[in-house]
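Novice: Below is a structure I'd like to ask you about.
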Amino acid sequence: MSDRRRPSIYNIAAHGGFADALAQGLIDRFAKDAFGLARGLVILPNNRAQRALQEAFVRLSEDGLLLPQMAVIGDLDLDESIGVALDSGELALDIPAAVDPMDRLLTLAQLIQKEIRLRDDAILAKDALRLAREFASTLDQLNVEEISLADLMKTEPESLDLSSHWQDSYRFFLIIAEKWRQQLEKWQRVDQAVRRNALFDHIAKSWKTSPPDHFVVAAGITTSAPAIARFLETISFMPQGLVVLPDLDLIMPDEEWELLGPFQPDPDSGYTKRAQETHPQYHMKLLLDRMSIARGEILRWPRTGESGAAARRSRALSNAFAIPKLTVRWQTLDSSERSLAGVQTVEARNSAEEAQIIALLAREALEDPDQRVAIVTPDRSLATRISAHLKRWEIQVDDTAGQPLAKLPEGVFFLNLLAAVADGFPPAEFLALLKHPLVQRGEGRLQWLDHVRRLDLLLRGPRPAPGLAGIDALLKAENHRTKKLRAAITPWWQSVRTMFEPMESLFASSLDWPKLLDQLRQLAENLTEGAIWAGPGGRELADLLAKLQIRAEMGPIRIKANELPGYFETLMADISVRPPYGGHPRIALYGLLEARLQQSELVICCGLNEGSWPQAITPDPWLAPMIRKSLGLPAQERQIGLSAHDLVGAMGARKVILSRAHRDDSGPAIASRFLLRLKGMCGDNLKEHPQARAWLSAIDQPESEPAPYVRPAPLPSREQRLIPISVTQVDSLIADPYSFYAKKIMGFAALDMIDADPSAAWRGTVIHDILDQWAREDDYAPAALRKRAQAFLNDPGLHPLMRSLWAPRLLEGLDWIAATLAEGRKTGREPLASEIYGKAEIAGVELSGIADRIDRMPDGGIAIVDYKTGGAPSNKAVAEGYNLQLGLLAAIAELGGFKDIEGEAVAFEYWSLAKKGGTDDFGYIRSPAKGRGENIIPADAMVDHAVARFNEAADQYLKGSEPMTAKLHPEYARYADYDQLMRLEEWYGRAPAEMADDE
């Protein structure tokens, strides 16, 4: 039995280099013979600390060492179980097994769903999962603090003056907690925290009566849970037991130490003074209080590491983090007591700039072969950016905190798969799935991508009808514009459709959860040819699906297809995938938990903004703050104190850089309260890094100033210019030759957006198709046109908003066309052709076009009609030669270019479905050959005018060598499809003299 009267408990200050100091001290004390260390046991907080201590032993050993056995007790937040060294077979028999975390999460989600359904309410499956995770977290805190359900039930929310919302949440919590207790009894299991507490107590009891015959060292453990405190107390009083604490402030005056709390209630008033839970030393004081050990009993560890800072920095940090009412003493501190020599700051404009600066600082530090670099940040997005920037120099850095599974390629693929199949194969999500790098990774991937790109072109524009049938309909549609594309895709599509058919049929009825999981796994396997399961991310995803399949009966009670992506994303949220070791040996990227007890010559603490470091406080959705306080649960604000302690520990390195960005991804950012404290105490003595900003400016600075970009004016060869041209392209050739060059000569076609809102061009195509079918199949019967339009509007694939907003305008405009055409037929005007293609050679160039309608006039001449869904072109544009469509179509007709149509063009009309000026009526006719003013061209001169202007353009651009200048006449260059290609904003409006000359 232990007879030690004084505890053996030590402290290694932040500047002491914990791992090296601990290893050297253990070597000095126990390595008297070859097996001295090997006989002992070192208990550490987590696996990363274990690795750090192993590396320290390796650095300090000269002829090799037999290392002590190491066990990891794990902080509850890290979800790591107690090391096997502490869990003997006898103990495992005495203490009930812990419930599996996945069993607990899914069962709690089920219980929440069932209880809400009993209340005649509903909840999304993902929200039930989220609430289950929050419930489990609160339950863990209760178990860690050894607060039973009976203690919780004694609380009377009415006495705490809580709102009805918090009272309902409290009662709901009690109901779920009682049902969970019954479920655990049925399984004969306990929560992990309960088992851990029992295991600690059992070991402590065993070691008190029969201490081990070897040394036992508990090092770096700061968790203040009562069971762990009792466990550490037992070790400290064992004959060969040692407890080594990290970063305990032994400099702080005793008066200030006592002000931290916790405090006992006033015996008269019952008032309890608020503890300083946001202070970095509060949880250390709480741990010592629970161990019944005074701070004065703690000894300094006899050794220090070589990578730490000067001891005076610890004094400065102690002063900087003083409780608020004592910060007034900053004004009277000596310079030595506020010195942060070796600490520098960096402030960037935004997160992207901050990541690049940090990468530069790390790269510069690695120039010294004896220097190790640690980058510490709780912001995983920033960590990812830093890692990407370091790859510029082929530096692979391990992000030890890992990346969320949902952000890795395997997780993104699986969520894409769910989004595609669960929502009727929407184009954007479906194409993202088919293009994913994991799909068809083998030899056939290039051919696969060729087909997917063709499908991409077909799906451009408004969304087709939902489901695979919508894509089938698109492939069968009578559309001459996509005929070749559809023919190339159809055979491939049938094989792809076969893969997705089982999944679509599964969603046709209520979801069968076990079958759904099986089909999802099989579909992912088929699409990726098994590549989805390779690598760390793939293994985690496979493990998740396997767990869900084994626990199929624990799945959501009710879930709809469109809830699946959110449900699985919530499941993946807490799954971090850590990379395999193998990065650069002298640089590491840590989260706050992983950075504890690590040491490096340079530590870069980044992301020092409020909401990042410290992280934003997330309120407990189950128990009100007043209930938590009455129960003795830690305040949510205690996380701020832990974050502060992490910063103090990181700042123990010899050189430290503190960085932040003025803006993050969400907008302007507020500097961390920790950084503001340091600046407030040190003032101008806390220096900014002298070279960081200059390095940032220089790294991507070109060697010389870039020459200003001039207005593009390409000169294609004669062979490239001699191409056929359509009448609609002539206007572009004259007003904006560069756009014509890009589209016709270079073949750069402008694409609609995927899943785009119906554009003016799309609406025009629809109206032209309706009118063409009406002409060919109904012979212009007035009543038939409205029926055709209504059949189109009743198509289930048409967006409801489009139907409701466009339908009245469309129907009224088409009624006007039907009535106007019928009136014309009464006077002898007869339609000859609809959507008719024709071509002719003019000025040595093949000119073609499609006439929307050609009519035979009563006098035997012909009328050229062009439908417009918007306003008709102005007479001025026609007169100045920038809208030649009607005149050139008439020229083709007079040259016999339209089959079976002869005659002289005597009428030129735009039939617009827009509102007529000054009225609320839709539909009017405008003719450039009629009207008032000087911009009227007589009908008998229209063809000659158009041909003359075309001859001039053809001689210049198609048969000549004129440069194809961008935006030559910008007032008539209406389309912006090629503005980015011509880099318009780099030159337009910056050379007025030159532009005036060109025009």
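Novice: So how many residues does the range 631-645 have that are buried (at least 19 other Cβ atoms within 10 Å of the Cβ) and under 21 Å from D161 (Cβ atoms)?
Specialist: Residues meeting the conditions: 1.
Novice: For the range 714-766, give me each residue that is over 19 Å from M964 (Cβ atoms) and either part of a loop (DSSP other than H, G, I, E, B) or aromatic (F, W, Y) (or both).
Specialist: L751, D752, M753, D755, A756, D757, P758, S759, W762
Novice: Sticking with this structure for a sec: Could you pull out the residue among D140, D127, D151 that is acidic (D, E) and either in a loop (DSSP other than H, G, I, E, B) or farther than 26 Å from F568 by Cα (or both)? So that I can check it myself, show each step before the final result.
Specialist: Working: D140 fails: either in a loop (DSSP other than H, G, I, E, B) or farther than 26 Å from F568 by Cα (or both); D127 fails: either in a loop (DSSP other than H, G, I, E, B) or farther than 26 Å from F568 by Cα (or both).
After ruling out the rest, the residue left standing is D151.
Novice: When you scan the range 949-968, do you find a residue that is out of contact with any helix residue (DSSP H, G or I) (no Cβ under 9 Å at 6 or more places or on another chain) and at pLDDT 90 or above, even just one? Please lay out each step first, then the result.
Specialist: At the first step, the residues of the range 949-968 found to be out of contact with any helix residue (DSSP H, G or I) (no Cβ under 9 Å at 6 or more places or on another chain) are 951, 955.
Filter once more, keeping what is at pLDDT 90 or above: 951, 955.
For the range 949-968, residues out of contact with any helix residue (DSSP H, G or I) (no Cβ under 9 Å at 6 or more places or on another chain) and at pLDDT 90 or above: present.
Novice: Okay, moving on. G470: at pLDDT below 90, assigned to a helix (DSSP H, G or I), closer than 30 Å to D512 by Cβ and open to solvent by less than 40 Å² (accessible area, probe 1.4 Å), yes or no? Can you show your working first?
Specialist: Numbers: at pLDDT below 90: yes; assigned to a helix (DSSP H, G or I): yes; closer than 30 Å to D512 by Cβ: yes; open to solvent by less than 40 Å² (accessible area, probe 1.4 Å): yes.
Taking the combined requirement at face value, the residue satisfies it.
Novice: Output yes when any residue across the range 852-868 is in contact (Cβ under 8 Å) with a residue 12 or more places away in the chain, small (G, A, S) and open to solvent by 40 Å² or more (accessible area, probe 1.4 Å), and no when none is. Please lay out each step first, then the result.
Specialist: At the first step, the residues of the range 852-868 found to be in contact (Cβ under 8 Å) with a residue 12 or more places away in the chain are 852-868.
Filter once more, so that each one left must be small (G, A, S): 860-861, 863.
Applying the additional criterion that residues be open to solvent by 40 Å² or more (accessible area, probe 1.4 Å) yields none.
No; the residues of the range 852-868 include none that is in contact (Cβ under 8 Å) with a residue 12 or more places away in the chain, small (G, A, S) and open to solvent by 40 Å² or more (accessible area, probe 1.4 Å).
Novice: Counting only residues that are of a type outside the set (V, I, T) and either modelled with pLDDT under 85 or in contact with a Phe, Trp or Tyr (Cβ under 6 Å, 6 or more places away or on another chain) (or both), how many does the range 68-113 have? Spell out how you get there, then give the answer.
Specialist: Kept after step one, since they are of a type outside the set (V, I, T), are these residues of the range 68-113: 68-71, 74-81, 83, 85-94, 96-98, 100-106, 108-111, 113.
Those left that are additionally either modelled with pLDDT under 85 or in contact with a Phe, Trp or Tyr (Cβ under 6 Å, 6 or more places away or on another chain) (or both): 74-81, 83, 85-94, 108.
Here the count works out to 20.
Novice: Just a yes or no: is a residue in the range 284-306 exposed (fewer than 13 other Cβ atoms within 10 Å of the Cβ), farther than 27 Å from A19 by Cα and of a type in the set (S, T, N, Q)?
Specialist: no
Novice: Name the single residue that is nearest to the chain's Cα centre (by Cα) among those in the range 585-594 being more than 16 Å from D379 (Cα to Cα) and surrounded by 18 or more Cβ atoms within 10 Å (Cβ to Cβ). Show your work before the answer.
Specialist: Our first condition is that a residue be more than 16 Å from D379 (Cα to Cα); within the range 585-594, this holds for 585-587.
Narrowing further to those that are surrounded by 18 or more Cβ atoms within 10 Å (Cβ to Cβ): 586-587.
Values: R586: 30, I587: 26 Å.
Result: I587.
Novice: Let me ask something else about it. If you check D120, D100, which single one turns out to be out of contact with any Lys or Arg (no Cβ under 8 Å at 6 or more places or on another chain), free of Cβ contacts under 8 Å to residues at least 40 places away in the same chain and either buried (at least 20 other Cβ atoms within 10 Å of the Cβ) or on the phi > 0 side of the Ramachandran plot (or both)?
Specialist: On the way: D100 fails: either buried (at least 20 other Cβ atoms within 10 Å of the Cβ) or on the phi > 0 side of the Ramachandran plot (or both).
Exactly one of D120, D100 is out of contact with any Lys or Arg (no Cβ under 8 Å at 6 or more places or on another chain), free of Cβ contacts under 8 Å to residues at least 40 places away in the same chain and either buried (at least 20 other Cβ atoms within 10 Å of the Cβ) or on the phi > 0 side of the Ramachandran plot (or both), namely D120.
Novice: Go over the candidates S381, S335 one by one and state the one that is within 19 Å of M651 (Cβ to Cβ) and open to solvent by 20 Å² or more (accessible area, probe 1.4 Å). Before the answer, list the steps.
Specialist: On the way: S381 fails: within 19 Å of M651 (Cβ to Cβ).
When all the criteria are applied, what remains is S335.
Novice: Could you name every one of the helices (runs of 4 or more DSSP H) located completely within the range 485-591 that has at least 2 residues being closer than 19 Å to V421 by Cα, at pLDDT below 95 and touching a strand residue (DSSP E or B) at 6+ places or on another chain (Cβ under 7 Å)?
Specialist: Numbers: elements: 513-528, 535-550, 564-572.
Here the list is empty.
Novice: OK, next. Of the residues D772, D778, D755, which is over 29 Å from L431 (Cβ atoms), among the acidic types (D, E) and touching a strand residue (DSSP E or B) at 6+ places or on another chain (Cβ under 9 Å)?
Specialist: Numbers: D778 fails: touching a strand residue (DSSP E or B) at 6+ places or on another chain (Cβ under 9 Å); D755 fails: over 29 Å from L431 (Cβ atoms).
That would be D772, the only listed residue that is over 29 Å from L431 (Cβ atoms), among the acidic types (D, E) and touching a strand residue (DSSP E or B) at 6+ places or on another chain (Cβ under 9 Å).
Novice: Filter the range 798-837 down to the residues that are part of a helix (DSSP H, G or I), surrounded by 15 or more Cβ atoms within 10 Å (Cβ to Cβ) and out of contact with any Gly (no Cβ under 9 Å at 6 or more places or on another chain) and list them by number.
Specialist: M802, W806, A807, R809, L810, L811, A818, L821, G824 - these are the residues of the range 798-837 that are part of a helix (DSSP H, G or I), surrounded by 15 or more Cβ atoms within 10 Å (Cβ to Cβ) and out of contact with any Gly (no Cβ under 9 Å at 6 or more places or on another chain).
Novice: Then there is this: Among the residues of the range 923-957, write down those that are farther than 30 Å from R721 by Cα and of a type in the set (A, V, I, L, M, F, W, C).
Specialist: Taking the range 923-957 first, the residues farther than 30 Å from R721 by Cα are 923-940.
Correct list: I925, A929, I936, I937, A939.
Novice: Based on this model, can you work out whether A840 counts as of a type in the set (G, A, S), open to solvent by less than 40 Å² (accessible area, probe 1.4 Å) and within 50 Å of the chain's Cα centre (by Cα)? Break it down stepwise before answering.
Specialist: Details: of a type in the set (G, A, S): yes; open to solvent by less than 40 Å² (accessible area, probe 1.4 Å): yes; within 50 Å of the chain's Cα centre (by Cα): no.
Considered against the rule, which asks whether it is of a type in the set (G, A, S), open to solvent by less than 40 Å² (accessible area, probe 1.4 Å) and within 50 Å of the chain's Cα centre (by Cα), A840 comes out as no.
Novice: Residues of the range 240-269 being touching a residue at least 60 places away in the same chain (Cβ under 8 Å), closer than 16 Å to D289 by Cα, assigned to a loop (DSSP other than H, G, I, E, B) and not aliphatic (A, V, I, L, M), which ones?
Specialist: Across the range 240-269, the qualifying residue is only D249.
Novice: If you don't mind, there's one more thing I want to ask. List every residue pair whose Cβ atoms sit under 7 Å apart, with the two residues 6 or more apart in sequence or on different chains, where the first one lies in the range 481-495 and is free of Cβ contacts under 8 Å to residues at least 60 places away in the same chain and closer than 13 Å to V452 by Cα and the second, anywhere, is open to solvent by 40 Å² or more (accessible area, probe 1.4 Å) and assigned to a helix (DSSP H, G or I).
Specialist: Note: pairs meeting the criteria are L485/R454; L485/L457; A488/R454; I489/R454.
Novice: On to the next question. Any idea which residue in the range 901-923 is least open to solvent (accessible area, probe 1.4 Å), counting only those that are modelled with pLDDT of 90 or more and part of a loop (DSSP other than H, G, I, E, B)?
Specialist: If we take residues in the range 901-923 being modelled with pLDDT of 90 or more and part of a loop (DSSP other than H, G, I, E, B), then I901 is least open to solvent (accessible area, probe 1.4 Å).
Novice: Look at the range 320-332 and say how many of its residues are surrounded by 21 or more Cβ atoms within 10 Å (Cβ to Cβ) and either in the same structural domain as A14 (by the TED database) or in a helix (DSSP H, G or I) (or both).
Specialist: The total comes to 1.
Novice: Test each condition in (1) touching a residue at least 40 places away in the same chain (Cβ under 8 Å); (2) in contact with an Asp or Glu (Cβ under 9 Å, 6 or more places away or on another chain); (3) surrounded by fewer than 20 Cβ atoms within 10 Å (Cβ to Cβ) for D665 and report the one that comes out false.
Specialist: The single condition D665 does not satisfy is (2).
Novice: May I pose another question? Residue check: is A401 touching an Asp or Glu at 6+ places or on another chain (Cβ under 7 Å) and either within 18 Å of Y581 (Cα to Cα) or among the β-branched types (V, I, T) (or both)?
Specialist: Considered against the rule, which asks whether it is touching an Asp or Glu at 6+ places or on another chain (Cβ under 7 Å) and either within 18 Å of Y581 (Cα to Cα) or among the β-branched types (V, I, T) (or both), A401 comes out as yes.
Novice: Moving on. In the range 18-30, is there at least one residue being modelled with pLDDT under 85 and open to solvent by 70 Å² or more (accessible area, probe 1.4 Å)?
Specialist: The initial filter retains those residues of the range 18-30 that are modelled with pLDDT under 85, namely none.
Within the range 18-30 (the criterion being modelled with pLDDT under 85 and open to solvent by 70 Å² or more (accessible area, probe 1.4 Å)), the answer is no, since none of the residues qualifies.
Novice: Another question about this same structure. Kindly indicate the residue of the range 775-797 that is open to solvent by less than 40 Å² (accessible area, probe 1.4 Å) and touching a residue at least 24 places away in the same chain (Cβ under 8 Å) and also farthest from I854 (Cα to Cα) among those meeting that condition.
Specialist: Taking the candidates together, the pick is G797.
Novice: Checking V439 against (1) farther than 29 Å from R763 by Cα; (2) more than 20 Å from the chain's Cα centre (by Cα); (3) assigned to a helix (DSSP H, G or I), which test does it fail?
Specialist: (3) is the only condition that V439 fails.
Matching residues to (1) open to solvent by 70 Å² or more (accessible area, probe 1.4 Å); (2) polar (S, T, N, Q); (3) modelled with pLDDT of 95 or more; (4) over 29 Å from the mean Cα position of the chain (by Cα):
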site: I604; (1), (2), (3), (4): no, no, yes, no
site: Q615; (1), (2), (3), (4): yes, yes, no, no
site: W622; (1), (2), (3), (4): no, no, no, no
site: P625; (1), (2), (3), (4): yes, no, no, yes
site: R654; (1), (2), (3), (4): yes, no, no, yes
site: I670; (1), (2), (3), (4): yes, no, yes, no
site: R673; (1), (2), (3), (4): yes, no, yes, no
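Novice: Right, something else. Before we move on, is D769 part of a loop (DSSP other than H, G, I, E, B), open to solvent by 40 Å² or more (accessible area, probe 1.4 Å) and closer than 30 Å to R786 by Cα?
Specialist: On the way: part of a loop (DSSP other than H, G, I, E, B): no; open to solvent by 40 Å² or more (accessible area, probe 1.4 Å): yes; closer than 30 Å to R786 by Cα: yes.
Taking the combined requirement at face value, the residue does not satisfy it.
The values are calculated or read from the model by the stated rules, or taken from the named source; none is laboratory data. Predicted model, so just to flag it, every value in this text is computed and none were measured. Cβ: placed from backbone, ideal geometry, glycine included. Neighbour counts: every protein chain shown. Heavy atoms of the whole protein, side chains included, go into the accessibility calculation; ligands, DNA and RNA do not. Shrake-Rupley method; radii C 1.70, N 1.55, O 1.52, S 1.80 Å.
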